[in-house]
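The values are calculated or read from the model by the stated rules, or taken from the named source; none is laboratory data. Worth saying up front: this structure is predicted, and the values here are computed from it rather than measured. Note that each Cβ is placed from the backbone with ideal geometry, even for glycine, and that neighbours are counted across all protein chains shown.
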């Protein structure tokens, strides 16, 4: 098995734990397969690598009841592939595009082909995220994103950045906060 598959499995398992993700939560993933294999982002799309990484990650997410939003590349304005059930339940506006390896990215294409009922949406507010190869997922996280350091910092050659979110703190000096929302 390729090392990047094991790294992806480790990363998704650790972010589930660190972010305290629960059934029904949403994890956003941006993934450059070009970066995984050591090329510059957007230059060497690898559908086979995307399929392997997607399958490894998605299996763990499904086991935990966590939804995946697969971010497309800038050619589709970083739209996201989600399952229609999630989009409808969260009143997300569905947009019309079908990701391809060179217009959307190989990872988003793998998600689109693998989900039972795939749709694209323009934005989500995810509970946590994995950014594989500097794909810039921050716009799709809830307002207060907190960096998470995982035991793996690369998937293949791609730099891995992880984040969880937390509820906003409101109030002043006398405010008391719920540590379960941190």
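Of the residues contained in the stretch 134-150, one or more are found to be free of Cβ contacts under 8 Å to residues at least 60 places away in the same chain and under 21 Å from residue 4 (Cα atoms). Which members of the stretch 88-113 meet the condition of being more than 21 Å from residue 42 (Cα to Cα) and in contact with a strand residue (DSSP E or B) (Cβ under 9 Å, 6 or more places away or on another chain)? Selection gives 88, 90, 92, 93, 94, 95, 96. Could we say that residue 52 is surrounded by fewer than 19 Cβ atoms within 10 Å (Cβ to Cβ) and modelled with pLDDT of 95 or more here? So residue 52 fails the test. Selection of first residues in the stretch 41-65 that are in contact (Cβ under 8 Å) with a residue 12 or more places away in the chain and on the phi > 0 side of the Ramachandran plot and of second residues that are surrounded by fewer than 20 Cβ atoms within 10 Å (Cβ to Cβ) and not in a helix (DSSP H, G or I), restricted to Cβ pairs under 9 Å at least 6 apart or on distinct chains, gives the following pairs, ordered by first then second residue: 42/102; 65/22; 65/23; 65/24; 65/25. Inspection of the stretch 81-88 identifies at least one residue that is assigned to a helix (DSSP H, G or I) and either in contact (Cβ under 8 Å) with a residue 60 or more places away in the chain or touching a helix residue (DSSP H, G or I) at 6+ places or on another chain (Cβ under 9 Å) (or both). If you go through the stretch 1-21 and pick out every residue that is in contact with a helix residue (DSSP H, G or I) (Cβ under 8 Å, 6 or more places away or on another chain), in a loop (DSSP other than H, G, I, E, B) and modelled with pLDDT of 95 or more, you end up with 1. Considering (1) surrounded by fewer than 22 Cβ atoms within 10 Å (Cβ to Cβ); (2) farther than 21 Å from residue 5 by Cα; (3) at pLDDT 95 or above, the lone condition that residue 65 does not fulfil carries the number (2). Tell me, yes or no, whether the stretch 26-36 has at least one residue that is over 16 Å from residue 115 (Cβ atoms) and under 13 Å from the mean Cα position of the chain (by Cα). Taking every residue of the stretch 26-36 in turn, at least one turns out to be over 16 Å from residue 115 (Cβ atoms) and under 13 Å from the mean Cα position of the chain (by Cα).
The set of residues in the stretch 26-40 being in contact with a strand residue (DSSP E or B) (Cβ under 7 Å, 6 or more places away or on another chain) and either free of Cβ contacts under 8 Å to residues at least 12 places away in the same chain or within 23 Å of residue 123 (Cβ to Cβ) (or both) consists of 26, 27, 28, 29, 30, 31, 32.
Out of 170, 144, one residue alone is out of contact with any helix residue (DSSP H, G or I) (no Cβ under 7 Å at 6 or more places or on another chain), surrounded by fewer than 16 Cβ atoms within 10 Å (Cβ to Cβ) and closer than 17 Å to residue 15 by Cα. It is 144. Of all residues being touching a strand residue (DSSP E or B) at 6+ places or on another chain (Cβ under 7 Å) and touching a residue at least 40 places away in the same chain (Cβ under 8 Å) in the stretch 151-161, which is farthest from residue 38 (Cα to Cα)? Just the residue, please. Ranking the candidates gives 152 first.
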